[in-house]
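Report on the following structure.
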């Protein structure tokens, strides 16, 4: 695999947290902020960046507790991750790199959900949103709250753990097991950025296991749609033809019924990419890059 755009790393302190930010492209070029998904890292956008035709400065943070950004759970009194923190972290990143100007946001999965939230919370700050496989979450019911809080308390006692691997090649094989479309060279590149050797000589994923804990706060769809309704930026929602993520999140709800939530957006457009799964920016980076170029230009 040939890397066309070499990234450069920067570490900044935002909201008291050491955050790793990856940059591609020419300083002074129009900015694209790229927001990775759950259990992923900023380097995940390398293949899409290499395929971009436009003159862009791509800025991609590692979210808190992922990649090379610090884990707040290593500080006393912090035991969980809260979605509002991702929104506040994003605003801190934007204030640092593009203060006072509308921004282009490209988010994948969890990162797309953060981008869509932010577009409704700070509509004047967002110019365009490209939502890659971001569907929101499964709607919840009020009666689920007691059980969710109880489960969260139980998980605080018995913390989740992540599997470790005997080599970076084994990490690459794990990535290919999840995504069989991933060729060897891309898997090797991602594994090198997605993991690191620990003190015991094993390779571990660069993600805090605390991310696997249940969130006790319910996903209230009416609140989410009220936020989306305030977004004034056009939103391009991009799905992968072969992704099962939408069905997984819908959990038996008819998909046409599930999709009614998107009507909350004032300017919502859709595109579908063939021969791709949930990690569509890995499977078809040229197609994703072309959509980003056209939509954000």
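The values are calculated or read from the model by the stated rules, or taken from the named source; none is laboratory data. This is a predicted model, so every value here is computed, not measured. Here the Cβ is made from the backbone with ideal geometry for all residues, glycine too, and neighbour counts use every protein chain on show.
Checked against (1) touching a strand residue (DSSP E or B) at 6+ places or on another chain (Cβ under 9 Å); (2) surrounded by fewer than 21 Cβ atoms within 10 Å (Cβ to Cβ), residue 131 passes all but condition (2). The single condition among (1) in a loop (DSSP other than H, G, I, E, B); (2) closer than 21 Å to residue 81 by Cβ; (3) at pLDDT 95 or above that residue 224 does not meet is (1).
For every residue, the table says whether it meets (1) under 24 Å from the mean Cα position of the chain (by Cα); (2) within 23 Å of residue 64 (Cα to Cα); (3) surrounded by 11 or more Cβ atoms within 10 Å (Cβ to Cβ); (4) in contact (Cβ under 8 Å) with a residue 60 or more places away in the chain.
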position	(1), (2), (3), (4)
147	no, no, yes, no
152	yes, yes, yes, yes
167	no, no, yes, no
173	yes, no, yes, no
201	no, no, no, no
204	yes, yes, yes, no
207	yes, yes, yes, yes
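Here residue 108 meets the list (1) crowded, with 18+ Cβ neighbours inside 10 Å; (2) over 12 Å from residue 233 (Cβ atoms); (3) over 11 Å from the mean Cα position of the chain (by Cα) almost entirely, failing just condition (3).
Restricting region 266-283 to residues that are in contact (Cβ under 8 Å) with a residue 40 or more places away in the chain and assigned to a loop (DSSP other than H, G, I, E, B), which is farthest from residue 37 (Cα to Cα)? Full working, then the answer.
To start, the set of residues in region 266-283 that are in contact (Cβ under 8 Å) with a residue 40 or more places away in the chain comprises 275-283.
Within this subset, residues satisfying the condition of being assigned to a loop (DSSP other than H, G, I, E, B) are 275-279.
Details: 275: 20, 276: 16, 277: 14, 278: 10, 279: 9 Å.
The extreme case among them is 275.
For region 187-210, does any single residue satisfy the condition of being under 13 Å from residue 139 (Cα atoms) and touching a helix residue (DSSP H, G or I) at 6+ places or on another chain (Cβ under 8 Å)?
Here is the first cut: in region 187-210, the ones under 13 Å from residue 139 (Cα atoms) are none.
Within region 187-210, not a single residue is under 13 Å from residue 139 (Cα atoms) and touching a helix residue (DSSP H, G or I) at 6+ places or on another chain (Cβ under 8 Å).
For residue 231, are the conditions met, namely being farther than 22 Å from residue 111 by Cα and either in contact with a strand residue (DSSP E or B) (Cβ under 6 Å, 6 or more places away or on another chain) or assigned to a loop (DSSP other than H, G, I, E, B) (or both)? It would help to see each step written out before you state the result.
Details: farther than 22 Å from residue 111 by Cα: no; either in contact with a strand residue (DSSP E or B) (Cβ under 6 Å, 6 or more places away or on another chain) or assigned to a loop (DSSP other than H, G, I, E, B) (or both): yes.
Judged against the criteria, residue 231 is not a match.
The residues of region 228-260 that are within 17 Å of residue 121 (Cβ to Cβ) and surrounded by fewer than 16 Cβ atoms within 10 Å (Cβ to Cβ), listed by number, are 229, 230, 232. Which ones in region 72-118 are under 25 Å from residue 265 (Cβ atoms) and outside any helix (DSSP H, G or I)? Matches in region 72-118: 82, 98, 100, 101, 102, 103, 104, 105, 106, 107, 108, 109. Considering only residues in region 89-100 that are touching a helix residue (DSSP H, G or I) at 6+ places or on another chain (Cβ under 8 Å) and surrounded by fewer than 23 Cβ atoms within 10 Å (Cβ to Cβ), the one that is nearest to residue 33 (Cα to Cα) turns out to be 94. Here is a check on your reading of the model: is residue 83 farther than 21 Å from residue 47 by Cα and in contact with a helix residue (DSSP H, G or I) (Cβ under 8 Å, 6 or more places away or on another chain)? Criteria met by residue 83.
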